[in-house]
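The values are calculated or read from the model by the stated rules, or taken from the named source; none is laboratory data. On a predicted model such as this, the values are computed, not experimentally measured, just so you know. Here the Cβ is made from the backbone with ideal geometry for all residues, glycine too, and neighbour counts use every protein chain on show. Side chains included, ligands, DNA and RNA excluded: accessible areas come from the protein's heavy atoms. Shrake-Rupley method; radii C 1.70, N 1.55, O 1.52, S 1.80 Å.
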Amino acid sequence: LINSRRVDGIIIAQPRRRDERIELLLEKKFPFVVIGTTNVQGEFYSVAENTVEGAQLITEYVLQQGHERIALINTPENLFFSSEFLAGFRLAMQNANKPIAEEFLEVSDISQKDGYRAAQTLLSKPETPTAIITSDDMVALGVMAAVQDQGLEVGSDVVVTGYGDIILAEYAQPPLTTVNYPTYKLGQKACEMLASHLRGDNLESENVIFEPSLVIRQSSDLALWL
């Protein structure tokens, strides 16, 4: 597509570590915008959400509830998002002077099925977590199913949190506590930036950052139903 010039610009979503797509676009000097943060060096336009802060928000909320045995199920390590989420999680734990149990750190594909598998691994340990933080709502839905299949109650026996605030999160049983990821705004802003770039307009900023917000529902506190 780049070499044939059949497209005028490209949007890259979910950047990976040392993303070869971004490196190629920079080398070819081809117009593009990245949705998400990346460790690739160079001058290009990007729009992202503050993942480190989002992970801190959700972790601090769980800590404020008094949990000591906190597990994390992160998304695949090749996504740069995952490293930022882990950084935010570690920062919140360190700021609270809470140790991180390495045996409570799991990785899952972005799916309910693998979230279920990762949760079963955590729940089969001699000492199980009282809270499971995940970096994706679909993973969290699988985690809730695993908790329930163990005969435990989500929001009471085990707190479960997600990330993204997808439509299914609000209608899960129980509804899922999560961090709102402004998908629509990110996509809209990326398209606007790319169109402006193609027109040769001067943009106010090369890098636009959206701030995250916490969405508290019953998966972290069943008392919210009362």
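Numbers below:
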quantity: Selection status of residue 53, farther than 18 Å from residue 149 by Cα, of a type in the set (D, E, K, R) and open to solvent by 70 Å² or more (accessible area, probe 1.4 Å); calculated: no
quantity: In region 174-185, residue nearest to residue 34 (Cα to Cα) [restricted to those that are part of a loop (DSSP other than H, G, I, E, B) and at pLDDT 95 or above]; calculated: 176
quantity: Residue within region 104-115 that is within 16 Å of residue 57 (Cα to Cα) and basic (Lys, Arg) present; calculated: no
quantity: Residue 54 over 22 Å from the mean Cα position of the chain (by Cα) and within 29 Å of residue 141 (Cβ to Cβ); calculated: no
quantity: Counted residues, region 79-104 - those being touching a Lys or Arg at 6+ places or on another chain (Cβ under 8 Å) and over 15 Å from residue 136 (Cα atoms); calculated: 4
quantity: Condition broken by residue 40, with the remaining ones in (1) surrounded by fewer than 13 Cβ atoms within 10 Å (Cβ to Cβ); (2) without any contact (Cβ under 8 Å) to a residue 60 or more places away in the chain satisfied; calculated: (1)
quantity: Scope region 186-214; condition of a type in the set (A, V, I, L, M, F, W, C), open to solvent by 30 Å² or more (accessible area, probe 1.4 Å) and not in a loop (DSSP other than H, G, I, E, B); matching residues; calculated: 191, 195, 198, 208, 209, 210, 214
quantity: Inter-residue pairs, beta-carbon under 7 Å, first farther than 17 Å from residue 180 by Cβ and in contact (Cβ under 8 Å) with a residue 24 or more places away in the chain and in region 137-152, second open to solvent by less than 10 Å² (accessible area, probe 1.4 Å) and part of a helix (DSSP H, G or I), 6+ apart; calculated: 142/115; 142/119; 143/115; 143/119; 146/119; 147/119
quantity: Residue list for region 119-150, restricted to those being outside any loop (DSSP other than H, G, I, E, B), within 24 Å of residue 81 (Cα to Cα) and touching a Gly at 6+ places or on another chain (Cβ under 8 Å); calculated: 119, 134, 137, 138, 139, 140, 141, 142, 143
quantity: Near pairs, Cβ below 8 angstrom, 6+ apart or cross-chain, from region 75-94 (open to solvent by 50 Å² or more (accessible area, probe 1.4 Å)) to any residue that is at pLDDT 95 or above and assigned to a strand (DSSP E or B); calculated: 77/107; 86/72; 86/74
quantity: Region 1-33, subset out of contact with any Asp or Glu (no Cβ under 8 Å at 6 or more places or on another chain) and assigned to a strand (DSSP E or B), residue surrounded by the most Cβ atoms within 10 Å (Cβ to Cβ); calculated: 33
quantity: Residue within region 121-130 that is buried (at least 19 other Cβ atoms within 10 Å of the Cβ) and closer than 14 Å to residue 74 by Cα present; calculated: yes
quantity: Pick from region 95-109, criterion open to solvent by 50 Å² or more (accessible area, probe 1.4 Å) and more than 19 Å from the chain's Cα centre (by Cα), ranking: nearest to residue 16 (Cα to Cα); calculated: 102
quantity: Test for residue 64: is it free of Cβ contacts under 8 Å to residues at least 60 places away in the same chain and open to solvent by 50 Å² or more (accessible area, probe 1.4 Å); calculated: yes
quantity: Given (1) touching a strand residue (DSSP E or B) at 6+ places or on another chain (Cβ under 7 Å); (2) farther than 25 Å from residue 88 by Cβ; (3) among the aliphatic types (A, V, I, L, M), index of the condition residue 179 fails; calculated: (2)
quantity: Within region 39-71, tally of residues that are in a loop (DSSP other than H, G, I, E, B) and closer than 14 Å to residue 177 by Cβ; calculated: 2
